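Before any comments, here is the structure.
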Amino acid sequence: MSSADLDYLSGIGGIKRLASRTVVVTGAAGGIGRAAALRCAAEGANIVAVDCDAHALRSLVSEVNQLGSDCSMVEGDISDLATVESMMSVAETAFGRLDGLVNNAATSGKLSPFETAEPEEFARMIAVNVQPVWRSMQLARAPMARRKGGAIVNIASLAALRAERGVALYGMTKGAVANLTINAALDYASANIRVNAVCPGPVETPMLGKMEKIIDASNTEAARKKIASTIPLRRCATVWEIAGAVAFLLSDDASFITGVLLPVDGGKSVKQ
């Protein structure tokens with residue numbers, strides 16, 4: 001963990017809105033997932049971190065411990081539903097409870113134009129981006145209901161809410177995540193389980209690099225400026241800004257919020 005990251009997390013460590021809770025985070029080895037896991041840990045949560053990158057997961061366990069929380073790792077491909085079942089089991093066996101679920105793991109695919117996408121890519125996108133979200137929410141209901149409630153946060157995308165060139169299949173899967181979110185929110189409300197989605201705009205992650213290459217492969221700096229120019233705040237988000245929204249929706253500060261698709265996009269979704 002960099003000194004800047006540690007300083008940031010230490011600065012919010014006194015909040016402890018998630019103290020003693022258990023939060024499962026998929027795609028936790030890097031990017032938004034890692035930031036969400038660390039932000040939740042800084043606020044007192046124990047973490048079940050899920051990813052196929054065992055080396056990065058081990059580093060995350062150490063970082064979570066550094067923040068004073070515990071972390072159990074589940075190594076596996078999220079498209080294998082056995083991994084989804086395992087992560088739910090680990091939450092209860094390691095910590096005796098499940099309070100929060102962050103469905104973050106996803107693939108952006110090739111970001112190819114609509115007319116050139118291949119059937120195999122379509123199937124892979126569904127297997128990684130949609131099916132595990134559906135199944136994990138199914139499996140989360142029972143342990144959360146036993147504790148009289150819980151919170152689920154799905155990471156969708158601004159691409160779920162509007163068209164973007166080059167991201168047709170990705171947007172399609174994130175649109176499915178958004179729809180699963182609102183339907184689960186309706187079905188789970190009687191069990192006091194809140195279900196919301198964060199819809200990030202451009203974020204400083206490897207996917208942003210793919211977008212830059214689509215715009216101008218010969219000049220990624222110019223492409224970055226072009227992307228930023230479409231955002232009223234004139235910059236892309238950091239992973240910590242997305243993680244902050246996730247922690248809020250998991251916490252009791254959002255106790256009367258469910259079924260919301262929350263854009264975290266610097267105003268991009270309202271720009272005409």
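The values are calculated or read from the model by the stated rules, or taken from the named source; none is laboratory data. Note that the structure is a prediction, hence the values are computed from the model and not measured. A quick note on method: Cβ atoms are made from the backbone with ideal geometry, for glycine too, and the neighbour counts reach across all protein chains shown. Quick note on the areas: whole protein, heavy atoms, side chains included, nothing else; ligands and nucleic acids left out. Shrake-Rupley method; radii C 1.70, N 1.55, O 1.52, S 1.80 Å.
Of Lys174/Lys225; Lys16/Lys268; Lys225/Lys268; Lys148/Lys174, which pairs sit farther than 22 Å apart, going by alpha carbon to alpha carbon?
Pairs exceeding 22 Å: Lys174/Lys225; Lys16/Lys268; Lys148/Lys174.
Could you give the length gained by full extension between Ile12 and Ser269, i.e. 0.36 nm per residue of separation minus their alpha carbon distance, to one decimal place?
Net length gain for the segment: 89.7 nm.
Please compute the per residue accessible area over the stretch 61-185 with all protein chains in place, 1.4 Å probe, rounded to a whole number of Å².
Ligands and nucleic acids excluded, the figure is 44 Å² per residue.
Can you list residues from other chains, or at least 5 along the same chain, whose modelled amide H is less than 5 Å from the amide H of Val264?
So Val264 has HN proximity to Cys199, Gly201.
What do you get for trypsin sites (Lys or Arg not before Pro) in the stretch 1-92 restricted to DSSP loop and a cutoff of at most 16 other Cβ within 10 Å of the site's Cβ?
For trypsin sites (Lys or Arg not before Pro) across the stretch 1-92 that sit outside H, G, I, E and B with at most 16 neighbouring Cβ atoms in 10 Å, the list reads Lys16.
Let me spell out the model: positive unit charges on the Cβ of Lys and Arg, negative unit charges on the Cβ of Asp and Glu, origin at the Cα centre of the stretch 132-190. What dipole size does that give, in debye rounded to 20?
It comes to approximately 200 debye.
Could you tell me the largest-minus-smallest coordinate of the C-alpha atoms of the stretch 90-207 on each of the three principal axes, in descending order and whole angstroms?
47, 27, 26
Compute the length gained on full extension between Ala228 and Asn65: take 0.36 nm times their separation in residues and subtract their Cα-Cα distance, giving the result in nm to one decimal.
In short, 55.1 nm is gained.
Tell me which of Leu250, Ile47, Ser112 sits at the most positive position along the dipole axis of the chain, charges placed on C-beta atoms (Lys, Arg +1; Asp, Glu -1).
It is Leu250, whose Cα lies furthest towards the positive end.
With +1 on the Cβ of every Lys and Arg and -1 on the Cβ of every Asp and Glu, and nothing else charged, how large is the dipole of the chain about its Cα centre, in debye rounded to the nearest 20?
Here the size comes out at about 720 debye.
Show that you can apply the helix-only estimate: for the chain, add -39,500 (n - 2.57) for every DSSP H stretch of four or more residues, divide by all residues, and state [θ] at 222 nm to the nearest 500.
It comes out at -15500 deg cm²/dmol, rounded to the nearest 500.
For the chain, with all protein chains present and a 1.4 Å probe, just round the carbon and sulfur fraction of the accessible area to a whole percent.
So the carbon and sulfur contribution to the accessible surface is 53 percent.
Would you work out which of Val24, Met1, Ala36 lies farthest towards the positive end of the dipole of the stretch 1-51, given +1 charges on the beta-carbon of Lys and Arg and -1 on that of Asp and Glu, about the Cα centre?
Projecting each Cα onto the dipole axis, the largest value belongs to Val24.
Once phi is turned into θ = phi - 60°, what whole-Hz ³J(HN,Hα) does the Karplus curve with 6.51, -1.76 and 1.60 give for every residue of the stretch 138-146, x standing for Gly and Pro?
4, 6, 6, 4, 4, x, 5, 5, 5
Relative contact order (percent) for the stretch 1-131, with alpha-carbon contacts under 8 angstrom and 6 or more residues of separation?
25 percent
Does the stretch 123-166 classify as rounded, prolate or oblate by the C-alpha gyration tensor (a ≥ b ≥ c root eigenvalues; a/c under 1.5 gives rounded; else a/b over b/c gives prolate, otherwise oblate)?
Taking the square roots of the gyration eigenvalues as a ≥ b ≥ c, the stretch 123-166 is oblate.
What do you get for the angle between helix 81-95 and the principal long axis of the chain? Use alpha-carbon atoms, 0 to 90 degrees, nearest ten.
Rounded to the nearest ten degrees, it is 40.
State the answer as a single residue: which of Val270, Ile15, Met144 lies farthest towards the positive end of the charge dipole of the chain, with beta carbon charges of +1 for Lys and Arg and -1 for Asp and Glu, about the Cα centre.
Val270
Taking Cα pairs under 8 Å and at least six residues apart, what relative contact order does the stretch 141-195 come out at, in percent?
48 percent
Tabulate in residue order the Karplus-calculated ³J(HN,Hα) for the stretch 107-124, using 6.51 cos²θ - 1.76 cosθ + 1.60 with θ = phi - 60°, rounded to whole Hz; enter x for Gly and Pro.
10, 8, x, 7, 6, 8, x, 3, 7, 10, 5, 9, x, 5, 5, 4, 5, 5
What's the FRET efficiency of His55 with Lys148 using the Cβ-Cβ distance as r and R₀ = 45 Å, to the nearest 0.05?
Computed FRET efficiency for His55 and Lys148 comes out at 0.75.
Taking the Cα centre as origin and putting +1 on Lys and Arg beta-carbons and -1 on Asp and Glu beta-carbons, what dipole magnitude results for the stretch 49-123, to the nearest 20 debye?
300 debye
Please tell me the relative contact order of the chain in percent, rounded to the nearest whole number, where contacts are Cα pairs under 8 Å and at least six residues apart.
17 percent
Under 1.5 on a/c is rounded, so check that first for the stretch 1-156, then, if it is not, pick prolate when a/b is larger than b/c and oblate when it is not; a ≥ b ≥ c are the square roots of the alpha carbon gyration tensor eigenvalues.
Since a/c reaches 1.5 but b/c is at least a/b, the shape of the stretch 1-156 is classed as oblate.
Suppose each label sits 7 Å from its Cα in the direction of the beta carbon; what would the Ala82-Ser112 distance come out to in nanometres?
Simple spin-label model gives 3.0 nm for this pair.
Can you give the angle from 0 to 90° between the axis of helix 220-229 and the longest principal axis of the chain, with both taken from C-alpha atoms, to the nearest 10?
Its long axis makes an angle of about 70 degrees.
Apply the Karplus curve 6.51 cos²θ - 1.76 cosθ + 1.60, θ = phi - 60°, to the phi angles in the stretch 163-168 and return the couplings in whole Hz, x for Gly and Pro.
Karplus values, whole Hz, x for Gly and Pro: 6, 9, 5, x, 10, 4.
What does the extension gain come out to for Glu121 and Ala189, with contour length at 0.36 nm per residue minus their alpha carbon separation?
So the chain would gain 21.0 nm between Glu121 and Ala189.
Applying a 10 Å radius around every beta-carbon, put 264-270, 184-190 in order of their mean neighbour count, most first.
264-270, 184-190
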